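Report on one structure; see the data block that follows.
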């Protein structure tokens, strides 16, 4: 009897779930690879690596939920990996690609470049901290642009622009404006659809299935342009819808008082 009680009171060994954390490690490695590739001036694989990190980031959470292996450790590890892959890596890729070139036009242009990159990194950190400390009122929407989408815009722009030999001052300014704007949207109050309620098991019309092969064909034809267009449209959708609502309210005028 004494032996049984001792065995029951013996603390269990602590550990962590392997499968979801492998995907999180893949996300972290992809962000690290993007940083190293940008330092070596290989901007095409650097941009592509950030999109690979997005794939791993999508899989780790879904795998954890499907296999019931969610844990506090996994949540914290995922957040730290996201900061590297979607907060630090895109800023360094943009910095390595553009700051050296824009500095040739004057030191103040160079300062503008690295300040825009730092602003993006700081915004990504605050966006992740806000996400971790707030309970979402509506799971269908994100408050502010998700950090993976912000990273996709910066990485997609650099990847797309790397195909041109000389972007010029205008192109470099556009790159850093895009980087700073992505950071601002991440800490904004705009609502973005999360697509978490999308049900893959439901029936859809046959015509909708034609979109899937068309989508892959467009990505295969021009991968960076297509990915940049997709995530830029997603990022701009919330402020455009907000502006449209404000304009409609402006033309409608104040609400009429009810008749006596």
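Descriptive notes on the structure:
- For the listed peptides 66-77, 47-58, 32-43, a ranking on the average number of other beta carbons within 10 Å per residue, highest first, reads 47-58, 32-43, 66-77.
- Alpha-carbon centroids, segment 127-190 and segment 216-237: separation in whole Å: 14 Å
- Each Cα pair under 8 Å and six or more residues apart adds its separation to the average, and for segment 95-179 the resulting relative contact order is 38 percent.
- Percentage relative contact order, segment 73-123, counting C-alpha pairs under 8 Å, at least six apart: 38 percent
The numbers here are math on the coordinates, done by the rules we state, and not lab data. From a predicted model like this one, the values you see are computed outputs, not experimental measurements. Positions of Cβ are generated from backbone atoms using ideal geometry, with glycine treated the same way; all protein chains shown enter the neighbour counts.
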